[in-house]
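The next block holds one structure in the form of C-alpha cells; read it before the comments.
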Amino acid sequence: MAVAIGSPQDADLVTGSSGRPRLLRWHARTYRVTDAPTPLEDALASMTTHPLPVHGWRFQGTCTHDGETLVFDVVALGAGWRVLKTYA
C-alpha cells in the first residue's frame with residue numbers, strides 16, 4: 001500500500017563510506033535501513049524512456065523507537081534530502 005506524501009519533507013540521510021543510506025531521520029523519528037538500498041534511478045528506469053535528472057534511493061527503514069517499517073523514496077535536493085513517498 002502506497003502512502004503519498006502531500007508535499008516533500010526534509011530529511012536527514014546518514015550514509016556509509018560507500019555512499020549508501022544507513023539511517024534516515026524524518027518526522028522526529030530515526031529509521032535504520034534494513035535492506036539493500038536501490039538507486040532510485042534504477043528502480044524507476046523501467047517506467048521511463050529518458051534518464052532521470054535525479055539522484056535518490058529506495059530502501060526499507062525500521063523505526064528504532066517502535067519498530068514501524070516503511071519503504072522510502074528519497075531524493076537529493078540542494079544540500080539535503082527529501083522524502084517523496086513512503087509505502088507501508
How many residues does region 55-70 contain that are without any contact (Cβ under 8 Å) to a residue 24 or more places away in the chain and outside any loop (DSSP other than H, G, I, E, B)?
-> 1
Single residue of region 15-54 satisfying the filter (in a loop (DSSP other than H, G, I, E, B), at pLDDT 90 or above and of a type in the set (A, V, I, L, M, F, W, C)) that is farthest from Val75 (Cα to Cα) | Ala28
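The values are calculated or read from the model by the stated rules, or taken from the named source; none is laboratory data. Keep in mind that what you see is a predicted model, and the values were worked out from it rather than measured. Using ideal geometry, Cβ is built from the backbone for each residue, glycine included, and neighbour counts are taken over all protein chains shown.
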